[in-house]
Amino acid sequence: MRPDNGQTSADLGRRRVLAALAAAGAWCAGLGGSATGWARGALERLPGKWPLIRLTHRPPNYETPLEHLRSAITPNEAFFVRYHHAVIPEVDAAAFRLEVGGAGVTTPLSLGLEQLRSEFKTVAVTAVCQCSGNRRGLFRPRVAGLQWERGAMGCAEWRGVRLAEVLERAGLKASAVEVLFDAADAPPLEGTPDFIKSLPRAKALHPDTLLAFEMNGQPLPRLNGFPLRLVVPGWTATYWIKHLTRIEALETPDKGFWMASAYRMPRAAFPLVERFPTQESGERAPVTEIAVNSLVTESASGGGRAPCTLRGIAWDAGHGLDRVEVSLDGGRRWDAAQFGPDLGRYAFRTWAFTGPSLPPGRHEAWVRAANRIGQVQVPEAIPNPSGYQHNAWQRVVLEVSA
Ligand SMILES: Nc1nc2c(c(=O)[nH]1)N[C@H]1C(S)=C(S)[C@@H](COP(=O)(O)O)O[C@H]1N2
Ligand SMILES: [Mo]
């Protein structure tokens with residue numbers, strides 16, 4: 001039996017057990033039971049991770065605490081974890097094979113990790129991995145699904161090989177319209193459908209789309225996809241398949257559950273630039289690009305002669321950030337924040353804002369980012385049935401005491 005709420009002594013005892021199991025390398029054995037009844041919010045330490053905010057234990061869904069999002073690069077130990085299936089594969093790197101095939105290639109391949117590393121050019125890209133449902137928990141009215149707040153995202157330097165090069169080696173045919181990706185994790189019997197995603201040909205062939213084996217200079221952490229994951233810079237993390245084992249070039253669009261039914265939004269509501277035409281149907285389109293967004297990671301209200309200050313990060317789908325602006329008077333006047341170093345078009349970019357010293361009382365700082373193609377954060381999140389793409393202005397309360 002499980003406790004109904006988060007912070008009970010049974011829970012704490014259980015966490016000690018988990019830690020002990022982890023230390024013994026018995027991670028899978030520690031993953032018994034179901035997620036029902038677990039309150040969101042407790043910090044829990046998974047193997048190889050610092051304490052993260054638990055949404056569900058099985059499957060493991062854990063978000064990054066705000067304090068680890070202050071820098072443009074998110075440490076591997078703090079990087080969020082999201083799984084659809086409860087059983088996390090333990091992959092033997094030496095025995096690992098990536099199968100590349102399907103009707104859309106002339107020459108199927110079976111590649112080991114060493115082969116991938118040595119026979120293809122190694123490249124790196126710094127990019128934000130953000131769940132489509134990041135901030136779902138902030139939608140009002142409430143939307144069903146994991147109640148993520150602001151930490152279902154992170155930014156890392158990903159190192160690997162170009163998917164385009166591998167597809168070229170396999171003889172990708174002109175007739176291939178989509179490329180499908182399958183992973184080592186699978187649903188328990190009679191569970192949800194196997195998590196399989198596809199990409200449109202153009203995005204699969206994009207030079208920044210990688211098969212990555214390293215994250216921030218380390219082999220991928222187990223919970224972030226060891227030994228190989230797909231990295232799709234600019235697109236939401238649903239496409240970033242972890243524990244990748246199989247790539248299939250398709251001559252007709254994939255009709256699987258995770259493409260045809262899940263991760264879709266009302267098309268007209270979101271201004272997408274990079275679309276997924278073979279998966280659009282009527283009013284609905286797959287979630288593709290990450291919406292322009294920002295996050296306040298630190299704030300100080302100042303007071304006396306001290307100015308108010310805000311710090312944070314901003315990001316978009318790679319079109320290039322233009323500005324982050326702050327309003328202290330309910331949106332009449334907006335002043336620009338200063339950007340920190342540019343780590344590349346797909347990366348988090350830090351920013352800092354120094355305002356005036358505020359008089360005693362309760363103030364609100366409103367924050368919004370915009371990119372170079374004119375996309376802006378919206379005053380209120382755009383309602384959609386699954387709670388994707390929340391990119392509303394953040395409103396931070398600053399209290400100055402008398
Ligand atoms: N194999 C596998 N890959 C997956 C998923 C999954 O359930 N299984 N979930 C996807 C989703 S929805 C997200 S948000 C990201 C999360 O990546 P992370 O766990 O490394 O943070 O992985 C993606 N890749
Ligand atoms: Mo996700």
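The values are calculated or read from the model by the stated rules, or taken from the named source; none is laboratory data. Everything quoted here is computed from the prediction, not taken from an experiment. For neighbour counting, all protein chains shown are included, and Cβ atoms are generated from backbone atoms with ideal geometry for every residue, glycine included. Note: areas computed on protein heavy atoms with side chains; ligands, DNA, RNA excluded. Shrake-Rupley method; radii C 1.70, N 1.55, O 1.52, S 1.80 Å.
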For this session: Say whether the condition of being crowded, with 21+ Cβ neighbours inside 10 Å, within 15 Å of ligand 1 (Cβ to nearest atom), touching a residue at least 60 places away in the same chain (Cβ under 8 Å) and within 17 Å of PHE348 (Cβ to Cβ) is met by at least one residue in the stretch 106-128.
Result: yes
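Being open to solvent by 10 Å² or more (accessible area, probe 1.4 Å) and modelled with pLDDT under 95: is that true of PHE257 here? Break it down into steps so the answer makes sense when it comes.
On the way: open to solvent by 10 Å² or more (accessible area, probe 1.4 Å): yes; modelled with pLDDT under 95: yes.
When the stated conditions are applied, PHE257 passes them.
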Seminar exercise, completed: Screening GLU149, GLU157 for residues that are modelled with pLDDT of 95 or more, surrounded by fewer than 20 Cβ atoms within 10 Å (Cβ to Cβ) and in a strand (DSSP E or B) leaves only GLU157
Problem set entry | Qualifying position, being in the same structural domain as GLN130 (by TED's automatic domain parsing), farther than 21 Å from THR106 by Cβ and in contact with a helix residue (DSSP H, G or I) (Cβ under 7 Å, 6 or more places away or on another chain), among PRO200, PRO233, PRO221, PRO187 | PRO221
For this session: Report the residue count in the stretch 343-354 for those that are crowded, with 20+ Cβ neighbours inside 10 Å and out of contact with any Lys or Arg (no Cβ under 9 Å at 6 or more places or on another chain).
Result: 5
For this session: Looking at (1) outside any loop (DSSP other than H, G, I, E, B); (2) within 15 Å of ligand 2 (Cβ to nearest atom); (3) not aliphatic (A, V, I, L, M), find the lone condition where LYS242 falls short.
Result: (1)
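How many of the residues in the stretch 129-144 are within 11 Å of ligand 1 (Cβ to nearest atom) and open to solvent by 20 Å² or more (accessible area, probe 1.4 Å)? Spell out the reasoning first.
Quick first cut of the stretch 129-144, residues within 11 Å of ligand 1 (Cβ to nearest atom) only: 129-134.
Of the ones still in play, those that are also open to solvent by 20 Å² or more (accessible area, probe 1.4 Å) are none.
Qualifying residue count for the region: 0.
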Exercise. Looking at GLU380, GLU399, which one is exposed (fewer than 13 other Cβ atoms within 10 Å of the Cβ), within 27 Å of ALA127 (Cα to Cα), at pLDDT 95 or above and among the acidic types (Asp, Glu)?
Worked result: GLU380
For this session: For the stretch 351-372, indicate whether the set of residues that are part of a loop (DSSP other than H, G, I, E, B) and under 24 Å from ALA291 (Cβ atoms) is non-empty.
Result: yes
Exercise. Can we say ALA268 is within 16 Å of ligand 2 (Cβ to nearest atom) and either open to solvent by 40 Å² or more (accessible area, probe 1.4 Å) or not assigned by TED's automatic domain parsing to the domain that holds LYS173 (or both)?
Worked result: no
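Yes or no: the stretch 165-180 includes at least one residue that is under 22 Å from LEU66 (Cβ atoms), open to solvent by 40 Å² or more (accessible area, probe 1.4 Å) and not in a helix (DSSP H, G or I). Quick ask: steps written out before the conclusion?
Going residue by residue through the stretch 165-180, those that are under 22 Å from LEU66 (Cβ atoms) are none.
Scanning the stretch 165-180, I find no residue that is under 22 Å from LEU66 (Cβ atoms), open to solvent by 40 Å² or more (accessible area, probe 1.4 Å) and not in a helix (DSSP H, G or I), so the answer is no.
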Exercise. Within the stretch 181-203, can you find the residues that are outside any loop (DSSP other than H, G, I, E, B) and surrounded by fewer than 22 Cβ atoms within 10 Å (Cβ to Cβ)?
Worked result: ASP182, PRO200, ARG201, ALA202
Exercise. So which residues in the stretch 217-240 are aromatic (Phe, Trp, Tyr) and within 13 Å of PHE79 (Cβ to Cβ)?
Worked result: PHE226, TRP240
